[in-house]
Amino acid sequence: MAAFHQSTAPRWLTLAVFLMAALALVLPSGYSIGALLLLIVSVIRVRGRDFRRLGSAESWVFIVMVAYSLVWMLEAMLRGRGIDALDQPSRLLFASLCLVALAKYRLDWGVVWVGIALGSIGGCVVALWQTALEGAPRATGFVGPEHLGNLGALFFSLSVLGGVWFLTVERRYVHALFAAIGGLSALVMVLLSGSRSSWISLLPLLVLAGFTLVRLGHKRLLGGLLLAMLTLAVTAAVIPQSGVAQRVTETAQDLEAYSQGTSPGSVGQRFQIWSGAIQLFQQRPLFGWGESGYRSEMASMADRDVIAEEIATFNHAHNDWLNVLAKKGLFGAIWLFAVYAVPLAFFMKRLIRSVDRETCILATAGAMLVTNFVTYGMAHNALGSNNGVMTYAFWLAVITGGLVERQRQHAQE
């Protein structure tokens, strides 16, 4: 316990968040290692009075994290699912405790940004190894191609903010260059994953990055960022080994096959599974079918040739919103909306109104986190995997807590 004394708690919290970033993409379940340490330190350091110190705005973020977790676990128990069903939603409950600790102690954000760059570079090395040396058509990392693309897009945007932090807050230009290398590495990882939903999610992230760069007086940096992204995208498109051109061609072929009613590719399969999920929602709009009911009804539709047989094997609707509507109805959709909308409103308010550079950068990071998961969740089940829910829950806690602590410090200054 002595190691977690009041004066050393910020160092342990910083180390935990550093490991969350640096190991997330380079080890199997690497995203859990730092989060576990963060939870342990938080359990040791948080006291009952710390909860009462939360302001009204961040309290709402805390509340929706806890409520989402409890509602999901209660729904699983009422529908007779096993203890395993409580695992994923509990991550937001645990992360909410970390939020309280991080609102109390100041992180060394320079170390955090370096960790994000290291994680991006490590993830890129893994992706290049898999595609260039092992000959894999798509980089999967240790989480699968879709999730690798999503995490890569997030780490790309956070690396950009890390570079901005080092340029404007700490004036450490070598570190800013390292963050830039991390950003490019994450972008390569996104392209090699072949995750088209992640490619799309880069667009709103760029809008947020552009807004912050212009606001902080870095218009030239924004131009350089866009040029670097365009150059890398064109280069990847003309190199067959990258798989980018092939994925674009496959998309066009899938759309054509679906429009002609022939055997659908992955895009056509998504359209069919979305149609099936919509039909299930219409039949039980309030509380949905539950996990087992969803699977059995999908199998029934496949038997009746309403959807393709292979689609019935998927355990989710490849869309966060349709998945929740089909399985948990409007009641579940309300909580999914809350766990995204409340934090996004919290971050956007501070991004628009704050004149403090640190607050502006951290608020942008939070808005990017939520936007990334919302966009990615339009074509996949973003919170339906261990890496997805862990990443969203614990980074939401880190950024929210860090932003609260920074606002408190700024007010004192």
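Here, each number is a calculation from the coordinates, and none is a lab measurement. Source: prediction; values computed, not measured. Here the Cβ is made from the backbone with ideal geometry for all residues, glycine too, and neighbour counts use every protein chain on show.
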**Asked** Cα convex hull of the range 175-221: mean projected area in nm², to one decimal?
**Response** 3.6
**Message:** I'd like the distance between the alpha-carbon centres of the range 346-413 and the range 45-118, rounded to an integer number of Å.
**Reply:** 13
**Complete:** Most fluctuating of LEU203, LEU187, LEU154 in the GNM of the chain (C-alpha, under 10 Å) is LEU203
**Request:** Please give the contour-minus-distance gain from ARG408 to ILE63: 0.36 nm per residue of separation, less the Cα-Cα distance, rounded to one decimal in nm.
**Result:** 122.2 nm
**Message:** With a 10 Å cut-off between alpha carbons and a GNM built on the chain, which of ALA367, ALA21, ALA299 moves the most?
**Reply:** ALA299
**Complete:** Rounded to whole angstroms and listed largest first, the alpha-carbon spread of the chain along its three principal axes comes to 67, 53, 38
**Item:** Most to least packed among 221-231, 39-49 [average Cβ atoms within 10 Å]
**Value:** 39-49, 221-231
**Message:** Could you tell me the calculated FRET efficiency between THR8 and ASP305, based on Cβ-Cβ distance and R0 = 51 angstrom, to the nearest 0.05?
**Reply:** 0.20
**Message:** If the only charges are +1 at each Lys and Arg Cβ and -1 at each Asp and Glu Cβ, what is the size of the charge dipole of the chain around the Cα centre, to the nearest 20 debye?
**Reply:** 1560
**Message:** Using Cα springs under 10 Å in a Gaussian network model of the chain, which residue among THR364, THR14, THR168 shows the largest mean-square fluctuation?
**Reply:** THR168
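Taking the mean number of other Cβ atoms within 10 Å as a proxy for protection, how do you rank 171-181, 93-103 from highest to lowest?
Answer by packing, highest mean first, reads 93-103, 171-181.
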**Asked** What translational D, rounded to a whole number of µm²/s, comes out for the range 83-144 from Stokes-Einstein when the hydrodynamic radius is the Kirkwood one over Cα pairs, at 4 °C and 1.567 mPa s?
**Response** 87
**Asked** What net charge is computed for the residues neighbouring GLY401, neighbours being all others with C-beta under 13 Å from the C-beta of GLY401, Lys and Arg scored +1, Asp and Glu -1?
**Response** +3
